[in-house]
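Notes follow the structure.
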Amino acid sequence: MAKIIDGKAFAEGLRARIAKAVAELKTNHNLTPGLAVVLVGEDPASKVYVANKAKQTVEVGMNSWEHKLPADTSEADLLALVKRLNDDSSVHGILVQMPVPKHIDSAKVLNTIDPAKDVDGFHVVNVGRLSTGQEALTACTPVGSVMLAKHALGSLEGLEAVVIGRSNIVGKPVAQLLLAENCTVTIAHSRSKDLTSIVRRADLVIAAVGRPEMVKGDWLKPGACVIDVGINRIERDGKNKLVGDCDFASCEKVAGSITPVPGGVGPMTIACLLSNTVKAACAIKGIETPEM
Ligand code: GUN
């Protein structure tokens, strides 16, 4: 049976190190990193995420601002808020929760955020920096996923990694991070032919497709490390349940290590967001980032 990779415990440890770094910055540099989160509309899942982000930001000792705007907010008003946050020197990180309502151009919003404050790592400048091997603020779920893979496997050097999913939020940036770790990287997606045989050759599988329990145990190479990024709500036996993109019951019998859902990658995302906010604050102030 696979070793279960405990993302909840790993994220708790990371948050404790972040809290220590924040305390050091306050004492030694009179700097309190601050994160502003913007939510447009009433999406219930987004509301929960945003509330969790604010709670954990405060818990590690940072400043937190929540800007909740109605669903009919105009694009111009949202862009104006982003520009005010860009100009506010107490704000070091800006996150606009995705998805935004359909009448708003999300790329325009993301690219209006000052790249130095882009703690989501979604601005084209940060995406470009990541893909050319330059220092960048990097998307949180991909960073958290690779941290867990390294925690389970040690070095990723030379491994066959298969990423399932090609989103801008997870698939593409996680592939870049794995390349930087010297993996041989394949990005598979919904149009890939013979997905099972692609997955079969992977030492490391990153599943980020958003399809409940799609990856089955018999797709896996025995001993593979499985990082399941999916968070899908399904109904089973009359109950609401959270499941990943991997069928945990069959995968844990074949994999060498696997992240559970919930309690795997999920908790890492906010921890990495907090860490990005500390990094952004230090870079803006020209201070070396403390160890985290
Ligand atoms: N919606 C789902 N995941 C994310 C994320 O990582 N950042 C933002 N801004 N929105 C999201």
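Every read-out reported here was derived from the displayed coordinates using simple, explicitly stated rules and does not represent laboratory data. Note that this is a predicted model, so its numbers are computed, not measured. As a convention, Cβ positions derive from the backbone with ideal geometry for all residues, glycine included, and neighbour counts pool all protein chains shown.
Springs between alpha-carbon atoms under 10 Å, Gaussian network over the chain: tell me which of V174, V50, V278 tops the mean-square fluctuations.
In this elastic network of the chain, the residue with the biggest mean-square fluctuation among V174, V50, V278 is V50.
What full-extension length gain, to one decimal in nm, is calculated for K20 and K150 as 0.36 nm per residue of separation minus the Cα-Cα distance?
44.5 nm
Find which of G154, A139, W219 sits farthest along the positive direction of the dipole of the chain, computed with +1 on the beta-carbon of Lys and Arg, -1 on that of Asp and Glu, about the Cα centre.
W219
Roughly how many nanometres apart are two label points built 7 Å out from the Cα toward the Cβ at I287 and E157?
3.5
Determine the dipole magnitude for the range 61-195: charges of +1 sit on the beta-carbon of Lys and Arg, -1 on that of Asp and Glu, nothing else is charged, the reference point is the Cα centre, and the result goes in debye to the nearest 20. Let's see the in-between values first.
Details: 12 positive and 15 negative charges, 62 e Å.
Here the size comes out at about 300 debye.
Taking the beta-carbon count within 10 Å as an exposure proxy, list H103, H123, H92 from fewest neighbours to most.
Details: H103 10, H123 22, H92 28.
Ascending Cβ contact count within 10 Å gives the list H103, H123, H92.
Using Cβ contacts closer than 10 Å as the measure, can you line up D218, D120 from fewest to most? Intermediate results must be reported in sequence, preceding the final value.
Details: D218 12, D120 23.
Neighbour counts put them in this order, fewest first: D218, D120.
Would you mind putting 219-232, 237-250 in packing order, based on average other-beta-carbon counts within 10 Å, highest first?
On the way: 219-232: 22.6, 237-250: 15.9.
Most protected by this proxy first, the peptides run 219-232, 237-250.
For the range 134-253, what is the percent of antiparallel DSSP beta bridges, rounded to the nearest 5?
On the way: 5 of 19 bridges.
Close to 25 percent.
At 7 Å along Cα-to-Cβ for each site, give me the label-to-label distance between H189 and N86 in nm.
Going from the H189 label point to the N86 one covers 2.9 nm.
Among the aspartates and glutamates, which have Cα under 13 Å from the Cα of K241 when same-chain residues fewer than 8 positions away are ignored?
E213
Can you sort L110, L204 so the residue with the fewest Cβ neighbours within 10 Å comes first? Mind showing how you got there, number by number?
Working: L110 23, L204 26.
Sorted ascending by nearby Cβ count, the order is L110, L204.
Would you grab the residues whose amide H sits under 5 Å from the one on M214? Only those 5+ places off in sequence or on another chain, please, with H modelled 1.01 Å from N.
When sequence neighbours closer than 5 places are left aside, the close amide H contacts are C246, D247.
Under the rule a/c < 1.5 gives rounded, and otherwise a/b versus b/c splits prolate from oblate, where does the range 64-134 land using the Cα gyration tensor?
Numbers: a/c = 2.23, a/b = 1.40, b/c = 1.59.
In terms of gyration-tensor shape, oblate.
Relative contact order (percent) for the chain, with alpha-carbon contacts under 8 angstrom and 6 or more residues of separation?
Working: 607 pairs, mean separation 63.3, N = 292.
Reported as a whole number, the value is 22 percent.
7 Å from Cα along Cα→Cβ at both N182 and D218: what's the point-to-point distance in nm?
If labels sit at N182 and D218, their model points lie 3.7 nm apart.
For the chain, what value does the Rg/Rh ratio take when both radii are computed over Cα atoms and Rh is the Kirkwood radius, given to two decimals? Walk me through the intermediate numbers first.
On the way: Rg = 19.1 Å, Rh = 19.6 Å.
Using Cα coordinates only, the ratio equals 0.97.
What is the magnitude of the charge dipole of the range 17-88 about its Cα centre, with +1 placed on the Cβ of each Lys and Arg, -1 on the Cβ of each Asp and Glu, and no other charges, expressed in debye to the nearest 20? Please report the intermediate quantities before stating the final value.
On the way: 9 positive and 10 negative charges, 90 e Å.
Taking the Cα centre of the range 17-88 as origin, the dipole is about 440 debye.
With respect to the cross-link table entries K47/K172; K20/K102; K68/K150, which display a Cα-Cα separation exceeding 30 Å? The partial results should precede the final answer.
Working: K47/K172 26 Å; K20/K102 40 Å; K68/K150 37 Å.
Pairs exceeding 30 Å: K20/K102; K68/K150.
Report the full-extension gain for the segment K55 to N240: residue separation times 0.36 nm, less the Cα-Cα distance, to one decimal in nm. Intermediate values should be presented prior to the final figure.
Details: separation 185, 0.36 × 185 = 66.60 nm, distance 2.49 nm.
Length gained, K55 through N240: 64.1 nm.
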